[in-house]
Amino acid sequence: MNRNSIIEELGRLADAKGYSFYVAEDAFIPQNVKSYPSMWLLPPKFLSQEGRKSGKITYSITLQALYQGAKLPPERREEVRRGLENDLVEIFSSLSQHDCVIEVGQLSISHSSLAVIPYGDLVAKATAEVVTFF
């Protein structure tokens with residue numbers, strides 16, 4: 001199934017960059033994040049399907065990069081944010097080369113100053129549309 005293939009590939013790519021990888025809804029982040037840096041994947045959202053026996057499926061993928069930043073000075077925080085952003089871009093670029101993926105588009109990345117979990121984390125949130133074939 002394309003959904004599972006995307007999740008497995010994102011996990012492999014995050015692991016290769018040294019991130020712990022998690023898949024669940026946002027509400028479960030505080031209970032599950034055990035180490036930093038981490039990548040948190042929201043369950044892929046099915047957007048559309050073209051074709052019956054073969055065709056394309058489009059998913060909306062949201063991946064969050066988390067880094068513990070409570071004690072970082074401001075200039076180091078900006079450096080970390082740039083690094084998180086670069087890692088997300090590289091992960092989605094690599095995902096576009098996966099066997100079942102036709103295209104990764106509409107990539108957007110935003111940074112949050114609000115802590116997702118109570119450790120003063122830095123968060124970069126990437127959302128993209130991933131078109132796969134079946």
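The values are calculated or read from the model by the stated rules, or taken from the named source; none is laboratory data. As the structure is a prediction and not an experimental result, all values here were calculated from the model. Backbone-built Cβ (ideal geometry, glycine too); neighbour counts: all protein chains shown.
For region 67-83, the criterion of being at pLDDT 95 or above and in contact with a Pro (Cβ under 7 Å, 6 or more places away or on another chain) is met by no residue.
Which of the following residues is loosely packed, with under 12 Cβ neighbours inside 10 Å, under 16 Å from Thr127 (Cα atoms) and of a type outside the set (Phe, Trp, Tyr): Glu90, Glu25, Glu85, Glu75?
Selected residue: Glu25, the only one of Glu90, Glu25, Glu85, Glu75 that is loosely packed, with under 12 Cβ neighbours inside 10 Å, under 16 Å from Thr127 (Cα atoms) and of a type outside the set (Phe, Trp, Tyr).
Would you pick out the residues in region 25-44 that are more than 11 Å from Thr62 (Cα to Cα) and of a type in the set (A, V, I, L, M, F, W, C)?
Ala27, Phe28, Ile29, Val33
When Gly51 is tested against (1) touching an Asp or Glu at 6+ places or on another chain (Cβ under 9 Å); (2) exposed (fewer than 14 other Cβ atoms within 10 Å of the Cβ), only condition (1) is not met.
I'd like the full set of residues that are under 21 Å from Thr132 (Cβ atoms) and aliphatic (A, V, I, L, M), limited to region 17-61. Those that are under 21 Å from Thr132 (Cβ atoms) and aliphatic (A, V, I, L, M): Val23, Met39, Leu41, Leu42, Leu47, Ile57, Ile61.
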